[in-house]
């Protein structure tokens, strides 16, 4: 059974780091937060004028290990959300 968890700055930073290392061909960073099992969604938004526009959002209601799931869904929501063009490195 999963736990209820709110995203922290460290979770968000980790998603950005995962995407940056993907573009640079480097190994993904090791998470610096505790491993828990939970449902999660990774949502990417981009500032446009005075608003934030959705650029990707994919996740799962099935509880998963947060370390591996954040990496998986950070990349999937940034690169494979069919509603949007993939996020490019220059957008980060």
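Structure notes:
- Residues that are crowded, with 17+ Cβ neighbours inside 10 Å and in contact (Cβ under 8 Å) with a residue 24 or more places away in the chain, drawn from segment 58-75: 64, 66, 69, 70, 71, 73, 74, 75
- Residue 38 being surrounded by 14 or more Cβ atoms within 10 Å (Cβ to Cβ), within 15 Å of the chain's Cα centre (by Cα) and closer than 17 Å to residue 81 by Cα: no
A quick yes/no check of all residues on (1) at pLDDT below 95; (2) in a loop (DSSP other than H, G, I, E, B):
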site: 29; (1), (2): yes, yes
site: 44; (1), (2): no, no
site: 59; (1), (2): no, no
site: 71; (1), (2): no, no
site: 90; (1), (2): yes, no
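- Each residue in segment 21-42 was checked for being out of contact with any helix residue (DSSP H, G or I) (no Cβ under 7 Å at 6 or more places or on another chain) and over 16 Å from residue 68 (Cβ atoms), and 3 pass.
- Pairs meeting the criteria (first residue in segment 28-39 and in contact (Cβ under 8 Å) with a residue 24 or more places away in the chain, second residue in a strand (DSSP E or B) and surrounded by fewer than 16 Cβ atoms within 10 Å (Cβ to Cβ), beta carbons under 7 Å, at least 6 apart or on different chains) are 35/65; 37/63; 37/65; 38/63; 39/60; 39/61; 39/62; 39/63.
The values are calculated or read from the model by the stated rules, or taken from the named source; none is laboratory data. Here the structure is a predicted model, which is why all the values come from computation and not from measurement. As a convention, Cβ positions derive from the backbone with ideal geometry for all residues, glycine included, and neighbour counts pool all protein chains shown.
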